[in-house]
Every structure is written in C-alpha cells, then in structure tokens.
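Accompanying notes for the structure given below.
What follows draws every value from the coordinates through simple rules; no lab data is involved. None of the values given here were measured: they were computed from a predicted structure. Note: ideal-geometry Cβ built from the backbone for every residue, glycine included; neighbour counts use all protein chains shown.
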Ligand SMILES: Nc1ncnc2c1ncn2[C@@H]1O[C@H](COP(=O)(O)OP(=O)(O)OP(=O)(O)O)[C@@H](O)[C@H]1O
Ligand SMILES: [Mg+2]
C-alpha cells in the first residue's frame, strides 16, 4: 500500500466563542485507510469530521485535505467537497426530489454531467446499496435504513476520494443498523478511504485500520484495532470501551 | 357511555339551525338599515342602470362596460405589481440572509423605510417627486408604489419560508459541492414554496385591495371607474355596492383557485 496522506491535521483547534470543541488535534489519514473515531458525547467527533470538508472552519492549526489547505472561505472548498463525500446522522436527503433525483442532482449540477450519464451513475450506486427498485420514490416513503443507504449512494455518485460518516447508524432502529453497516463494509472492501464516527464496535473491529479515541476535544489515543480493543494505552479509552461493550 | 356535556352558550349558538338563523338575521339587519337609511335620505334607487356598466348591446354588437374594463385594469395592475414585488422581495430577503454586513444593512434600511411610510404618501412620493424626476407616467408610478410597498411584506414571507427549511439541507447541498446559489435554486427554494404559498396568496389579496388607492392619482382602475360613474350619475349607493362586490368576487375566486393548487401541491410532496 502506498502511503500517500489524504487528510493531514496538524495541531487543529476549533473554538465556539470561548468554548474549545477541538484542541491541538494531530491526525493523518492515508489513501485506502479506514479510520474509526469514537469517544463520549460532546468530545468533538462531529466537529472534527465536519472540519474535514469545511462545514466547520477550524480556528487554529493547519488542515490539508486531498492536497488542499483549508482556511475559511477558501475558493477551493467547493472543489474539495466534490471529492469528499459526507454521510450525516439524520440522512439529510432532499425531500422534494425522488431517490433517483437525489442521486443525480450533484453529478448534473455540480459535476456538469449530462442527464444520461448522471442517471447511469445513479442507478449503478443504487444497485450497489441494494435498493434499485426504490428509484422513483420520495425519501419519506422509505425506511430509515433505506434512506441512509440512499444518502450513502448520493455521496458515492460524486465519485469521492474520501468518505466521511458521522454516526450513520445512530438515528436508526436496531433492526436497520445491519443493512447500513453491510453496505459500509462492502465500500471498505472496494478500498475507499473512510473516516467513520461510530459506536458500532463490531463494525470497527471488522474494517478499521486505525482507531481514534477522543475526549473533551482532544485525541487521547490513536492505535490499531488489535491494540485498541484488547489493551488500550489510556485509562479513558479502557473505561469508555467497558461502558459501551457492556450493552 | 359518554357523559352528556353541559349545555353552554357556545354550544347552543354553534348548532347549525341557530347559526344559520343568526347569520340571516344579521345580514337582514344590515340590508334593512341601509335601505331605510337611504329611504330617509330620499335616495332614488336605480339598480336597473347598473348592468350596462358591465356589458351592453349596441348597434355595433356586444360591448364590454366600464366596470369590466376597470376590473381588467385592476387585474393587470395588481399582477404586474405583484410580480415586481416578488422579485424585489426575494432580492431583499436574499440580501438579508446573505451574511454580508452591507447586504443586511441595505435590506433592513429598505424594510424600515417602506414599512414606516403610509402607502398614500409613498404613492405621492412616486407620482409627484420621482415621476417628474425620472419621467414616468401615472401607471408606472402606481405599479412601482404597490410593488415597493408589498415587497417589504413579501420579503418577510420569503425569509420565514427560507428559514423554515432545516439546516441539514444546506449542509447536504454543500457536502456535494453546491454553491450557495445552487443550494438556493435546487434545494432550499423549492422546499420553502410549500411554506410560502399560503401567506403569498394572502398578500395578493392584500395587494388587490390596496391597489384601489391609486385612484387618487386617477389611474383608470376599478375604483377610479366607480368614481367616474358616480360623478356622471350620482348613483353612489348602487355603484359602491357593486364595486365592493366585484372586488370580493375577484379575491374569492383567487383564494379558491390557490387553495386548489395548494392541495395538489401538498399531495405531491
Ligand atoms: N455550533 C456550535 N456552537 C457552539 N458549540 C458547539 C457547536 N457545535 C458543537 N458545539 C459543542 O462542541 C462540543 C463538541 O460537539 P460535537 O458535536 O463535535 O461532539 P460529538 O463528539 O460529535 O458528540 P455526539 O456524540 O453527541 O455527537 C459539544 O460540547 C458541543 O456542544
Ligand atoms: Mg456528533
């Protein structure tokens, strides 16, 4: 595996007023690497991955994504977002468009593909997330699991080089979590570079190359899953794991 | 077994027969009062004169009467003003939401300015001051006045509609690389139409009614026509009742039309 870095965070900080959501974060994500980020609520996981595609502007340090150095109102940010896919906890599908239109609008309006190309791409990824038969429905007519798979397909239609996931299964009923995780595992198998915020430790064990544990805006531990799950170096991570693995 | 609810005043009044009787009585009192009032003044009713102001048959065949011409002028005036007001209102709303300090400043000043000037004064300003300066006629002055006045209210409708779209929609649009303009056009505005349609209808009705004010600068719309007919015939009672009924018919037709469109729209989303 070639070790070319895609995301490089160097001492990244983020303040909301005088509250520090992120403090001195160092992190590198390489091409084809799968990083799983976990940590207690409010530890800054969402804030961190939202910085990776400029939905949040970091307030100190350097952040380079796909070779582009991020800073507030950077004109390159739109280019970057086309290459960095994002999946949200609440799906955020476009309710006024059909499933197919949800997938086509980015390629058509942003990538400027023609309708036929966009539709071909859309159908390919709908197939990939295993709901080709739902193409003409509206998001509201789908189950939560199906909606989240559409959201994943929507991001994939932009042919991104990195995929960011912010707790993609935590808004789902338990019986639907599996179908979404299956799709994500398959995506990992294709070699997609992924940063996934999740508490699904089974998934993490299966796909993660690197585990990142955060607390109070800092990265407390970065280690390979074998070490992280059996012998975490920090007491914080150990306590956190004990808590969530109890369930 | 349901417990019988106590007999209250509201419940008695709201039973259908009682409500109908009351309604008919109230209408009867109003009609009777205006008739006896007119009778005491020695008013000479001439309703038979009215139809010819709607249409007449002459040697040249069928002709449209003055009231219909005036109604048409009111419709064109209102429609033109409304379209212009919508464009202005959208512009002001977008400026206000732009996040630019200058944009917000300009928008807020404009809104405060328009909101705090009486409509009549605004009309005089356009007709007597800006008209001669920029060389536009009374029709243009009327359209601009109505458009500017209503753009303030419409911009608030747009702003509220845009703000009622969930923030996640902006983020989703941004995350696939859309610009702000693209997000507005393809994602945000199409969703906010649903929230904006009912208050916008109300605003059209409001605009049609306030368009009557341009009769003071003698733009030949419905109210001006009414005044002209009266100055020829002195039939003020018949003519004002008729003009009021025509406005009522116009706004009711509009409201029914839009609520039908709205229903179709609601079932689609
Ligand atoms: N826009 C904001 N303004 C002010 N504070 C914020 C904002 N966004 C996040 N925060 C704060 O920053 C901290 C980190 O939030 P973040 O959402 O990144 O946590 P998280 O680790 O994703 O938590 P969760 O597991 O609950 O999603 C929280 O204390 C939160 O209240
Ligand atoms: Mg979060």
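Taking a ≥ b ≥ c as the square roots of the Cα gyration tensor eigenvalues, with a/c under 1.5 meaning rounded and otherwise prolate when a/b beats b/c, else oblate, which class fits segment A:15-74?
oblate
How do the peptides A:23-35, B:103-115 rank, highest first, by the average count of neighbouring beta carbon atoms within 10 Å per residue?
With the highest mean Cβ count within 10 Å placed first, the list reads A:23-35, B:103-115.
I'd like the FRET efficiency for residue B:39 and residue A:41, computed as 1/(1 + (r/R0)^6) with the beta carbon distance as r and R0 of 56 Å, rounded to 0.05.
The pair residue B:39/residue A:41 has a calculated efficiency of 0.10.
If you build a Gaussian network model of chain B, linking Cα atoms that sit under 10 Å apart, which residue out of B:211, B:164, B:155 swings the most?
Per the Cα network of chain B with a 10 Å cutoff, B:164 tops the list.
Return the average number of partner chain Cβ atoms within 10 angstrom of each residue Cβ along peptide A:87-96.
Mean inter-chain Cβ contacts per residue within 10 Å come to 5.
Using Cβ contacts closer than 10 Å as the measure, can you line up B:222, B:130, B:207 from fewest to most?
B:130, B:207, B:222
Got the relative contact order for chain A handy, in percent, Cα pairs under 8 Å and 6 or more residues apart?
25 percent
Checking the a/c ratio against 1.5 first, then a/b against b/c, what shape does the Cα gyration tensor give for chain B?
Because a/c hits 1.5 or more and a/b fails to exceed b/c, chain B counts as oblate.
Tilt of helix A:235-246 relative to the longest C-alpha principal axis of chain A, in degrees (0 to 90, nearest 10)?
50 degrees
Taking chain B as a Gaussian network, where each spring joins two C-alpha atoms under 10 Å apart, which residue of B:100, B:189, B:122 fluctuates the most?
B:100
With a 10 Å cut-off between alpha carbons and a GNM built on chain B, which of B:196, B:41, B:25 moves the most?
The residue with the greatest mean-square fluctuation here is B:25.
With each label point set 7 Å from Cα along the Cα-Cβ vector, what nm distance links residue A:227 and residue A:112?
That separation, rounded to one decimal, is 4.7 nm.
Measure out, as a whole number of angstrom, how far apart the alpha-carbon centroids of segment B:180-195 and segment A:16-59 sit.
Between the Cα centre of segment B:180-195 and that of segment A:16-59, the gap is 29 Å.
Within a 10 angstrom radius of each residue's Cβ in A:101-110, how many Cβ atoms of other chains show up on average? Whole number is fine.
For peptide A:101-110, the averaged partner shielding equals 4.
Under 17 Å from the 7 Å Cα→Cβ point of residue B:130, by amide nitrogen: which residues of segment B:69-93?
Those under the cut-off are B:78, B:80-93.
Rounded, prolate or oblate: which fits segment B:1-125 when a ≥ b ≥ c are the square roots of the eigenvalues of the alpha-carbon gyration tensor, with rounded for a/c under 1.5 and prolate only if a/b beats b/c?
oblate
By how many degrees, 0 to 90 and rounded to 10, does the Cα axis of helix B:189-210 deviate from the longest principal axis of chain B?
Orientation of helix B:189-210: about 30 degrees from the principal axis.
Which order results if B:150, A:20 are arranged by neighbouring Cβ count within 10 Å, fewest first?
Fewest-to-most ranking of B:150, A:20: A:20, B:150.
Mind jotting down the distance between the C-alpha centroids of segment A:184-247 and segment B:71-138, whole Å?
If you average the Cα positions of each part, the centres end up 58 Å apart.
Specify the angular offset, from 0 to 90 degrees and rounded to the nearest 10, of the alpha carbon long axis of helix B:222-233 from the longest principal axis of the alpha carbons in chain B.
Between helix and principal axis, roughly 20 degrees.
To make sure I understand, if each residue's beta carbon is the centre and we count other beta carbons within 10 Å, what order do B:32, B:240, B:170 fall in, fewest to most?
B:32, B:240, B:170
Could you tell me the distance between the Cα centroids of segment B:1-67 and segment A:69-148, to the nearest Å?
The two parts, judged by their Cα centres, are 58 Å apart.
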